[in-house]
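Here the structure comes first, spelled out in structure tokens, and everything after it is commentary.
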Amino acid sequence: MEVEVRLRCGVIGCAIAPAGASTGSGEAVDLRDGGAAFGGYDVAHAVRGVEEEVAAALRGRDVTDQPGMDGVLVELDGTADKRRLGGNALVAVSMAALHAAAGAAGKPLWRYLLGEGPARLPLPEIQIFGGGAHAGRRVDVQDFMVVPVGASSFAEALDWTAEVYRAAGARLAAAGRLYGVADEGGYWPAFDANEDALECLVRAIEDAGRIPGEEMAISLDVAASELHQAGRYRLGLERRDLDGDALAELLIGWIDRYPIVSIEDPLGEDDVRGMQRFTAAVGDRVQIVGDDYLVTSARRVEQAARDRACNALLVKPNQAGTVTEARAALDAARAAGFGTIVSARSGETEDVTIVHLAVGWGAGQLKVGSFARSERMAKWNEGLRIEGALGDAADFAGRAALGGSTPDGSLP
Ligand code: PGA
Ligand code: ZN
């Protein structure tokens, strides 16, 4: 769903809402029409809501007052989860208004958000193998990613990633297991066990001439809510059910044996106790990211900080439904000492707003999917353009951007 915001001065702001496949239950609702057309995914109803109600409510307002505009959207919708007008409709309006405001100021969005301060390009995490809901559950873990922790610039980080991506493809081809790519452009995960993907990833890093852990580390998104059934976690590929403790033990074993620096949603979105125990066990060694667990909600971030249930936030603006609410979640995470990662969704477009948010908000990290397919490359390329525009003034977040460590590692 694309929205245009036109200002009296003639400036137009434009944004497109993304969509997730492995959504958290606490997310703003992605409003679809249902019925037979387009498999039920049409957005005619959401479009009508913007053209009629939203346009009438926003016409004449000051576009530079983003919190005010977003407040109107939230009030107009009137539901806790934005199901009346749709989180997809509202986030597109909110981001389009933000683009219009930057355009009116005559600035690139990242600079408009940042002000005159120094700009830092984010540390990227890039998917090499897709899995879970993004690959027909061919393997259980959703994202096998690399993090170029030793790179000295965003461009170098992407150069290294390109080489690792090629090397991983070459390994799969040599094994007769190269079957194209999954939803986010990572290779189709034709592995016999989840751990085989980790093994292959380390070898690909070495094939690419990089030192595992030192130059190129590994990040996982377990998306464990997708595995959760009746209090247990189902590893379909390995034909076994684990309880929370056993899943945590399995993941900690991987952390011990592989250069993993970040792990997202290691346990289910309702498993507070599991997340606490996991964070107490390894939160001083790895970044523990809440995606489905936090759904870009400031309130949930504050609770997770009190619970010591993770130490980093994935920021997906469409989970919140407005730019202002996404920013509030990021601020809450920062106040808690959490790492922050601005993230795309598995359903993406050419829209590059999130790259500007990552730089303009100084988030430190960016997650976009793999190093293939134009909806992914559009984001990486935008980051390169920003770094190029900054020239010598460009700074790169690097390893220091990773969240980690609980204050004392103890359970509350
Ligand atoms: P989604 O996946 O966009 O399908 O929710 C991305 C993620 O889990 O990080
Ligand atoms: Zn996730």
Which condition breaks for Ile205 when tested against (1) surrounded by fewer than 24 Cβ atoms within 10 Å (Cβ to Cβ); (2) within 27 Å of Ala168 (Cβ to Cβ); (3) in contact with an Asp or Glu (Cβ under 9 Å, 6 or more places away or on another chain)?
(1)
Kindly provide the set of residues from the range 130-144 that are among the hydrophobic types (A, V, I, L, M, F, W, C), in contact with a Pro (Cβ under 9 Å, 6 or more places away or on another chain) and within 13 Å of ligand 1 (Cβ to nearest atom), ordered by number.
Ala135, Val141, Phe144
Leu220 vs (1) assigned to a strand (DSSP E or B); (2) in contact with an Asp or Glu (Cβ under 7 Å, 6 or more places away or on another chain); (3) more than 16 Å from ligand 1 (Cβ to nearest atom): all pass except (3)
Tally time: how many residues in the range 1-40 are more than 14 Å from ligand 1 (Cβ to nearest atom) and not aliphatic (A, V, I, L, M)?
15
Among Val289, Val295, Val282, Val272, which is the only one that is surrounded by fewer than 20 Cβ atoms within 10 Å (Cβ to Cβ), modelled with pLDDT of 95 or more and within 23 Å of the chain's Cα centre (by Cα)?
Val272
Quick one: which strands (runs of 3 or more DSSP E) lie wholly within the range 297-412 and hold at least 1 residues that are away from ligand 1 (no atom under 16 Å from the Cβ)?
364-370
In the range 123-147, residue farthest from the chain's Cα centre (by Cα) [restricted to those that are over 15 Å from Asp159 (Cα atoms) and of a type in the set (Asp, Glu)]
Asp140
Criterion (crowded, with 16+ Cβ neighbours inside 10 Å, out of contact with any helix residue (DSSP H, G or I) (no Cβ under 9 Å at 6 or more places or on another chain) and not in a loop (DSSP other than H, G, I, E, B)) met by exactly one of Arg277, Arg234:
Arg234
Please work out which one of (1) crowded, with 17+ Cβ neighbours inside 10 Å; (2) assigned to a loop (DSSP other than H, G, I, E, B); (3) of a type outside the set (Asp, Glu) is the condition Ser152 fails and give its number.
(1)
Assess whether Arg138 counts as being crowded, with 17+ Cβ neighbours inside 10 Å, among the basic types (Lys, Arg), in contact (Cβ under 8 Å) with a residue 60 or more places away in the chain and assigned to a helix (DSSP H, G or I).
no
Scope the range 166-193; condition assigned to a helix (DSSP H, G or I) and touching a helix residue (DSSP H, G or I) at 6+ places or on another chain (Cβ under 8 Å); matching residues
Ala167, Ala168, Ala170, Arg171, Leu172
Output yes when any residue across the range 92-109 is assigned to a loop (DSSP other than H, G, I, E, B), within 16 Å of ligand 2 (Cβ to nearest atom) and basic (Lys, Arg), and no when none is.
no
Please specify each residue of the range 15-43 satisfying the condition of being away from ligand 2 (no atom under 16 Å from the Cβ), of a type outside the set (Val, Ile, Thr) and either assigned to a strand (DSSP E or B) or touching a strand residue (DSSP E or B) at 6+ places or on another chain (Cβ under 7 Å) (or both).
Ala15
Checking the condition within 16 Å of ligand 2 (Cβ to nearest atom), modelled with pLDDT of 95 or more, within 17 Å of the chain's Cα centre (by Cα) and among the hydrophobic types (A, V, I, L, M, F, W, C), which residue from Ala304, Ala320 passes?
Ala320
Consider Asp70 carefully, then state whether it is crowded, with 16+ Cβ neighbours inside 10 Å and within 30 Å of Asn194 (Cβ to Cβ).
no
If you scan the range 203-224, which residues turn out to be among the hydrophobic types (A, V, I, L, M, F, W, C) and more than 23 Å from the chain's Cα centre (by Cα)?
Ala204, Ala208, Ile211
Return the residues of the range 11-43 that are surrounded by 15 or more Cβ atoms within 10 Å (Cβ to Cβ) and among the hydroxyl-bearing types (Ser, Thr, Tyr); say none if nothing qualifies.
Ser22, Thr23
Which residues, taken from the range 52-66, are charged (D, E, K, R) and surrounded by 12 or more Cβ atoms within 10 Å (Cβ to Cβ)?
Glu53, Arg61, Asp65
Can you tell me which residue among Asp77, Asp81 is buried (at least 24 other Cβ atoms within 10 Å of the Cβ) and acidic (Asp, Glu)?
Asp77
Return the total of residues in the range 58-91 being farther than 19 Å from Ala17 by Cβ, in contact (Cβ under 8 Å) with a residue 12 or more places away in the chain and not in a loop (DSSP other than H, G, I, E, B).
2
Count, please, the residues in the range 132-155 that happen to be closer than 21 Å to Met216 by Cβ, of a type outside the set (A, V, I, L, M, F, W, C) and touching a Leu at 6+ places or on another chain (Cβ under 9 Å).
4
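The values are calculated or read from the model by the stated rules, or taken from the named source; none is laboratory data. The shown structure was predicted, so the numbers you read here are calculated from the model rather than taken from an experiment. In this analysis, Cβ positions are derived from the backbone assuming ideal geometry, glycine residues included, and neighbour counts consider all displayed protein chains.
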